[in-house]
1. Quick check on the chain: of the DSSP beta bridges with both residues there, what percent are antiparallel, nearest 5%?
2. How many nm is it between the label spots at Val30 and Glu44, if each spot is 7 Å from the Cα in line with the beta carbon?
3. For mean projected area of the Cα convex hull in nm², pick the label among [x] 11.1; [y] 8.8; [z] 11.6 that corresponds to the value derived from the coordinates.
4. State to the nearest 20 debye the size of the charge dipole of the chain about its Cα centre, where the only charges are +1 on K and R beta carbons and -1 on D and E beta carbons.
5. On a full-extension model of 0.36 nm per residue, what is the gain between Asp18 and Lys37, subtracting their alpha-carbon distance, rounded to one decimal in nm?
6. For the chain, what is the accessible area per residue in Å², given a 1.4 Å probe and the full set of protein chains?
7. Tell me the label-point distance for the pair Thr60, Ala84, using the 7 Å Cα-to-Cβ offset, in nm and rounded to one decimal.
8. Per the 1.4 Å probe, what fraction of the accessible area of the chain, in percent, lies on carbon and sulfur atoms?
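The values are calculated or read from the model by the stated rules, or taken from the named source; none is laboratory data. These numbers were taken from a predicted model, which means no experiment stands behind them. Every residue, glycine among them, receives a Cβ derived from its backbone with ideal geometry; neighbour counts consider all protein chains shown. SASA here: full protein model, heavy atoms, side chains in, ligands and nucleic acids out. Shrake-Rupley method; radii C 1.70, N 1.55, O 1.52, S 1.80 Å.
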Amino acid sequence: MGGMKRFAGELIADATEDPAQLAIRLIYQVRCERLRKLSRSLDEVLHAATYLLNLGVKITRVVYERDRAVITVESTPFLWRLFAGDCAWRQRRLEGETTIYTWFAVRYGTRIEWEERQ
């Protein structure tokens, strides 16, 4: 009996399967896994954005790269209460005499960032 068999959750080939068919199956399997990962990641971004918008937080930018997403929001004092004990600063830089801190928190697998000027 030709085709693929499962072993410990992984698909493996039968010894009787044509190598060309095996290659096509494996390519299809990799494509499906990549699409599943992309779909899951985009769902996380959508959930995080919906969460923020429902709380009245203004989103200024959404950046999605290969394996990560960053939502930049407008800084408000509410963010400190929302992410109390669950945020950290990522970067500190100087612009003239102003110090700018970039803070972040993670919700639904998505990084949420904002900047504060001091």
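1. Working: 25 of 28 bridges.
That works out to approximately 90 percent antiparallel.
2. The answer from the label model is 2.3 nm.
3. Here mean projected area of the Cα convex hull in nm² agrees with entry [x].
4. Details: 19 positive and 16 negative charges, 19 e Å.
My answer is approximately 100 debye.
5. On the way: separation 19, 0.36 × 19 = 6.84 nm, distance 2.87 nm.
Result: 4.0 nm gained on full extension.
6. Values: 8630 Å² over 118 residues.
About 73 Å² of surface per residue is accessible.
7. 2.5 nm
8. Numbers: 4690 of 8630 Å².
Carbon with sulfur: 54 percent of the solvent-accessible area.
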